[in-house]
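Shown next, in structure tokens, is the structure this report addresses.
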Amino acid sequence: MTRPSLFAYRGQSSGRSDLVLGICAFIGFIGIWTLISHFEVVPQRFLPLPWKVLSALYYMLVERNFSEDIWISVARVWSAFLLSVVMAIPIGMWMSNYRIVGTLIEPIVDFIRYLPVPALVPLLIIWFGIGEASKIAVLWMGTFFQLVLLIADDTKRVPREFIEIGYTLGAKPRQITQDIVLRAMAPSMVDNLRITLGWCWTWIIVAEIVAANSGIGHVIWAARRFVKTPEVMAGILTVGIIGLATDQAIRLLHRRYFRYL
Amino acid sequence: MNQETPFLRVAGVSKIFEAEGHGHERIQVIDHVSMDLTAGEFAVYLGPSGCGKTTLMRIVGGLETASGGDVVLAGRKVTGPDRQKGMVFQAYTSFPWLTVLENIRFGTKYRNDIDTAQKDEIARHYLDLVGLTEFADFYVNRISGGMRQRVAIARTLAAGADILLMDEPFGALDAQTREFLQDQLLEINRVEKKAVIFVTHDVEEAVFLADRIFMFSARPATIIEVIKVADHIPGERHMDIKETEAFFHLRNHVRDVMRDQARATEEKLERALRPEDGGE
Ligand SMILES: Nc1ncnc2c1ncn2[C@@H]1O[C@H](COP(=O)(O)OP(=O)(O)OP(=O)(O)O)[C@@H](O)[C@H]1O
Ligand SMILES: [Mg+2]
């Protein structure tokens, strides 16, 4: 008899059973939450019933124009994310392709990378005010310096032989970058972009809580003031859903586009 | 091309690596090596591990610069890598994001001497030549290591290289696949008639493939013996010759020379490790 692969060490995964298990775990989670809240193990003031959260979300969407806040947050996240990406890809690649760029930039990047982003928020507000620019700046600070190192790493991991083969096939450096290096590093790069996009959602909420009069973070913070726990949780839930949906969408594209893996 | 100048001329090539680290170490890897190759000739480099075969081949390919001496290929001095000098490495270098046929087609990508239709035709031609027709649409990580090396060879040929530089291309393969590919390589080159430099550790492989075997000393590499295989094993090259008396003799001779070199290396190493009881 073969052991079910679920319990085997590094057993093969099967899409169907993984999905079923995932759904079961999720239902179990909701069940436990319901029980704790229903029997007031934790007062409902702090942990409302799941459907109260959903109805709060419905109310917010219908009565409070919450969808506009969602769009504002999404727009902020994506513009900052794209800015980070557009800068990090070429700079990261230069860092590992040209030693001079790498040795000049790496110490600075390493230093800034370890600065806690929340601590930078006040400074960024002083510099950029409380308009859109400061939100973008916070997200950019929180992601660019991580991403640029990840990209540099992805570039470095392209086998040197690939590049040498490129030269012996008559490619110019620009063509090697475009046709070989970028293609070779694409799968791991897309993974890193996906993870970076997740961080953006962390930092946007921080930025919107500290200084904003719109966006999901602002809504959460405003609800907190009146201890509207269901609304706070509805806001958090929204971030979770958007995050999960984008993550899955990118994974799907990853599987579709990198079929050879 | 001038009649007197050979197709490939390696003239007094030396290589010294400046090793970074504690102290400034200079490692001489190649010591004034000279050799000529005629067009269509199959040369095999044989030598102890770490003697500098790869380095010399990379210098010929323009991927490494010599510290001294010159390499002249078809009348032009080698200054860098280009389409004229095709490389096949031991590591698999076919691109995983392309299929077998697309990989071979990639060899023609940067050619501007032919048009698109010709590129497709050439890719098909070499696909067939290396016997991978049925695997045209497979991604290369779905095929065996031996097939991947055939893809790499076909890609190099599709690029229209004048000389093939092969660094232990079959080194990672099992014995059967290896024998099969050796035979196939000769078969292909009977059609292509390219000059080849083929690096190997394997004495049998060397004797079977080579027109001429260049045997190298331990580091720094110098040529200690050159063997023209046709002088010892006459006639067409086929799998069967591996069973002949002549093949045996030559193989044993080559093996003895290589063993002496290996022993010399060993002794040198030992002396280096025990400097107190009488070093140099
Ligand atoms: N970039 C480099 N910097 C310093 N030393 C190097 C460099 N490349 C190679 N060497 C040294 O040069 C020597 C020869 O290397 P090479 O790879 O040419 O040997 P080889 O004959 O191909 O060995 P093998 O049979 O193991 O493949 C080795 O001792 C190696 O350590
Ligand atoms: Mg080598």
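Descriptive notes on the structure:
- Theoretical gain in end-to-end length, B:D174 to B:A74 [0.36 nm per residue, Cα-Cα removed]: 32.4 nm
- Inverse mean reciprocal Cα-Cα distance (Kirkwood Rh) of the stretch A:1-47, Å: 13.1 Å
- Selection from B:M166, B:I188, B:L63, by position along the positive dipole direction of the protein assembly as shown (Cβ): B:L63
- Each of the peptides B:226-237, A:17-28 was scored by the mean count of other Cβ atoms within 10 Å over its residues; in descending order, highest first, they stand as B:226-237, A:17-28.
- Highest to lowest packing among B:57-67, B:154-164, scored as the average C-beta count within 10 Å: B:154-164, B:57-67
- Dimensions in Å of chain B - Rg and Dmax from alpha carbons: 19.9, 70
- Take each residue in A:255-261, count the other chain C-beta atoms within 10 Å of its C-beta, and the mean is 3.
- 10 Å Cβ neighbours from other chains, averaged over peptide B:60-69: 1
- Residues of type aspartates and glutamates that B:K15 reaches as a straight line, Cα spacing below 13 Å, ignoring anything fewer than 8 places off in the same chain: B:D31, B:E64, B:D70
- Residue-averaged beta-carbon neighbours from other chains (10 angstrom radius) around B:91-102: 4
- Modelled FRET efficiency - R0 41 Å, B:L273 with B:E236, Cβ distances, 0.05 increments: 0.30
- Among A:F226, A:Y167, A:F39 - extreme Cα towards positive end, dipole of the protein assembly as shown, charges at beta-carbon: A:F226
- Helix-derived mean residue ellipticity, 222 nm - over the protein assembly as shown, DSSP H n ≥ 4, -39500 (n - 2.57), to 500: -18500 deg cm²/dmol
- A:I36-A:F258 FRET efficiency (beta carbon distance; Förster radius 51 Å; 0.05 resolution): 0.75
- Whole-angstrom gap from the stretch B:41-103 to the stretch B:121-182, using each part's C-alpha centre: 17 Å
- Every Cα-Cα pair of chain A was included, and the share exceeding 29 Å stands at 49 percent.
- Projecting the Cα atoms of A:I180, A:T143, A:N97 onto the charge dipole of the stretch A:50-257, computed from C-beta unit charges around the Cα centre, puts A:I180 farthest toward the positive end.
- The Kirkwood radius of the stretch A:1-98, taken over pairs of alpha-carbon atoms, gives through the Stokes-Einstein law at 10 °C and 1.306 mPa s a diffusion coefficient of 84 µm² s⁻¹.
- Helix A:182-210 axis versus longest C-alpha principal axis of chain A: approximately 40°, rounded to the nearest ten.
- Across the stretch A:22-171, the fraction of Cα-Cα pairs farther apart than 26 Å, rounded to a whole number, is 57%.
- Chain B: angle of helix B:245-273 to the longest principal axis, Cα-based, in degrees nearest 10: 50 degrees
- Per-residue extension of 0.36 nm, minus the Cα-Cα distance of B:R263 and B:H125, leaves a gain of 45.0 nm for this segment.
- Charge dipole (Cα centre; +1 on Lys/Arg Cβ, -1 on Asp/Glu Cβ; no other charges) of the protein assembly as shown amounts to roughly 2040 debye.
- Against the main long axis of the alpha-carbon atoms of chain B, helix B:175-192 sits at an angle near 70°.
- Virtual paramagnetic centre 7 Å along Cα→Cβ of A:I100, amide N under 18 Å, in the stretch A:157-183: A:173-174
- In this structure, the residue pairs whose Cα-Cα separation is over 19 Å, taken from A:K52/A:K228; B:K85/B:K242; B:K53/B:K85; B:K85/B:K194; A:K156/B:K109; B:K85/B:K193, are B:K85/B:K242; A:K156/B:K109.
- Calculation over all alpha carbon pairs of the stretch A:102-214 in 5 angstrom steps from 0 returns a P(r) of 2, 11, 17, 15, 15, 12, 9, 8, 5, 3, 1, 0 percent.
- Restricting attention to chain B, close to 55% of DSSP beta bridges with both partner residues there are antiparallel.
- Under the criterion of Cα pairs below 8 Å and six or more residues apart, the relative contact order for chain A equals 22 percent.
- Stokes-Einstein, applied to the Kirkwood radius of the protein assembly as shown over Cα pairs at a viscosity of 0.890 mPa s and 25 °C, places its translational diffusion at 86 µm² s⁻¹.
- Packing-based order for A:58-66, B:209-217, B:142-150, A:135-143, using average beta carbon neighbours within 10 Å, highest first: A:135-143, B:209-217, B:142-150, A:58-66
All of the numbers you see were taken from the coordinates with simple rules; none came from a lab. The structure displayed is predicted, hence computed values, not measured ones. Cβ sites come from the backbone with ideal geometry, for glycine too, and all protein chains shown count toward neighbours.
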